[in-house]
Amino acid sequence: MATQKKPWDFLTQDERKHAIDKIMTFFAEERDEEIGVIAAEEILDMCLELLGPKVYNDGVLDAKDWFKKQLGNLELDYDLLKK
């Protein structure tokens, strides 16, 4: 039975597996707790749902600011071409 992908889950299968492994390792090494795959998946899903939109939107705004700066530079280059 295939599970339905959540709208905030943008990870590939390999990225998701790697993240789950890292979460399980973190709990084992840093908290001295053993958690299973299901618990690690729930933690990952919660983090993606809570933080994913914020991180994505911040990235979009950073790209927008960079693009505006590049357009400003282009306009300056065109002005320098005038005779």
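The values are calculated or read from the model by the stated rules, or taken from the named source; none is laboratory data. The shown structure was predicted, so the numbers you read here are calculated from the model rather than taken from an experiment. Note: ideal-geometry Cβ built from the backbone for every residue, glycine included; neighbour counts use all protein chains shown.
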Fill in the blank from the handout: Among residues of region 1-32 being in contact (Cβ under 8 Å) with a residue 24 or more places away in the chain, part of a helix (DSSP H, G or I) and of a type in the set (A, V, I, L, M, F, W, C), the residue nearest to Gly52 (Cα to Cα) is Ala19
Practice task
Identify, by number, the condition in (1) surrounded by 10 or more Cβ atoms within 10 Å (Cβ to Cβ); (2) part of a helix (DSSP H, G or I) that Ile35 doesn't meet.
Solution key: (2)
Practice task
Kindly list the number of the only condition in (1) within 17 Å of the chain's Cα centre (by Cα); (2) part of a loop (DSSP other than H, G, I, E, B) that fails for Pro53.
Solution key: (2)
Completion exercise
Picked from region 1-31 (must be modelled with pLDDT of 80 or more and of a type in the set (Val, Ile, Thr)), the residue surrounded by the fewest Cβ atoms within 10 Å (Cβ to Cβ) is Thr12
